[in-house]
Amino acid sequence: MLESLIFTIFNGVLYGMLLFMLASGLTLIFGMMGVLNFAHASFYMLGAYFAYQVSVFAGFWAALFLAPLGVALIGALTERYGLRQVHQHGHVAELLFTFGLVYVIEEVVHLVWGRTPVNYQVPEALDFTLFTLFTTDFPAYRAFMLGVAIFMFVGIFLLLTKTRIGQVVQASLSHPDMVGALGHNVPRVFTLVFAFGCALAGLAGVIAGNYFITEPGMAWNMGPIVFVVVVFGGLGSLGGALVGSLIIGLAQTFAVQMTFSIASVLADMGLAISEDAFLSGFWFLELSRIGPMLPYLLLVLMLIFRPRGLMGTRAD
């Protein structure tokens, strides 16, 4: 029991940090630019595929640096020649543009890499057991993923709060005219912010692509849950994205491990429920079966009772 609890916590924290790695870029883009990028998970997918392709020729460590740069370049081109053109037509146009981009990127992936998963593997240097607790092994690659996620959070926080670049970026959102009058190129700042956010998504793809499976449906698998994290934590809040990621990661991981139902709990209390009882399907429904929908339930409750999210400062 203790072993299961400890490793469920480990896995929940790891999954939560993976969600944060993906959500941080989306949070940064929205917080700095006010753009809710529907295609963010597609850049995550591109990061995984770029990493696979680079690793074939130069290995994983080269892919760890080159793949996010490639995704950042595509992000910069997307903002410069796409989002910037539709921005003048409002947020609806931006949403429709990024929504269409999801399908464009997916079809490009089909054309280049096919419709089946690619053989993107964990690097041999990290393919070993870091430690064994009770009878369960903890892979070194999981610790590496956790370390990268923590480094990402600290790096983004310091960049935005302790550097002149961060001050210029934040000022460009709230007072673009004043920043422009001081000699800064505001459109270029927005391009760099969008490219940086896409690079973070690409880095998440590099790290998670070989932990999960690199295949064309990975963007659709992660996209909805990332939006849940961002809204639940608070739109534009990096700290909220971190806390929300951990809460949802732990909640979903614990939920899928639970095999009890309301009927089984009542039976342990001496209150047996017949399988022919009214709403028997509900009483005998195991918690593990509702694990996948739990984040969306938390999202609905958050929107009802606290629309700004846990740590959000913006309601739009």
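The values are calculated or read from the model by the stated rules, or taken from the named source; none is laboratory data. Worth saying up front: this structure is predicted, and the values here are computed from it rather than measured. Note that each Cβ is placed from the backbone with ideal geometry, even for glycine, and that neighbours are counted across all protein chains shown.
Remark: pairs (first residue in segment 219-239, closer than 20 Å to Ala208 by Cβ and β-branched (Val, Ile, Thr); second residue modelled with pLDDT under 85 and surrounded by fewer than 23 Cβ atoms within 10 Å (Cβ to Cβ); Cβ separation under 6 Å; 6+ apart in sequence or on different chains) are absent.
Being modelled with pLDDT under 85 and either farther than 30 Å from Gly202 by Cβ or small (Gly, Ala, Ser) (or both) is a property that does not hold for Ala251. Test Glu94 against the stated conditions and say whether it is at pLDDT 90 or above, surrounded by 15 or more Cβ atoms within 10 Å (Cβ to Cβ) and over 27 Å from Phe151 (Cβ atoms). For Glu94, the condition - at pLDDT 90 or above, surrounded by 15 or more Cβ atoms within 10 Å (Cβ to Cβ) and over 27 Å from Phe151 (Cβ atoms) - is not met. Only a single item in (1) within 20 Å of Val206 (Cβ to Cβ); (2) more than 23 Å from the chain's Cα centre (by Cα); (3) in contact (Cβ under 8 Å) with a residue 40 or more places away in the chain is not met by Glu124, and it is number (3). A search for C-beta distances below 8 Å between a residue of segment 141-159 that is free of Cβ contacts under 8 Å to residues at least 24 places away in the same chain and farther than 13 Å from Ala208 by Cα and any residue that is surrounded by fewer than 18 Cβ atoms within 10 Å (Cβ to Cβ) and not basic (Lys, Arg), counting only pairs 6+ apart in sequence or on different chains, returns Leu159/Ile165; Leu159/Gly166. Being surrounded by fewer than 21 Cβ atoms within 10 Å (Cβ to Cβ) and at positive phi is true of Gly59.
Residues in segment 29-43 that are part of a helix (DSSP H, G or I) and surrounded by 24 or more Cβ atoms within 10 Å (Cβ to Cβ): Ile29, Gly31, His40, Ala41, Ser42, Phe43.
For segment 132-149, the set of residues classified as over 13 Å from Leu203 (Cβ atoms) and of a type in the set (Phe, Trp, Tyr) consists of Phe134, Phe138, Tyr141, listed by residue number. If I filter segment 286-296 down to residues being under 19 Å from the mean Cα position of the chain (by Cα) and more than 14 Å from Gly244 (Cβ to Cβ), which single residue comes out as surrounded by the most Cβ atoms within 10 Å (Cβ to Cβ)? Among those that are under 19 Å from the mean Cα position of the chain (by Cα) and more than 14 Å from Gly244 (Cβ to Cβ), it is Gly291.
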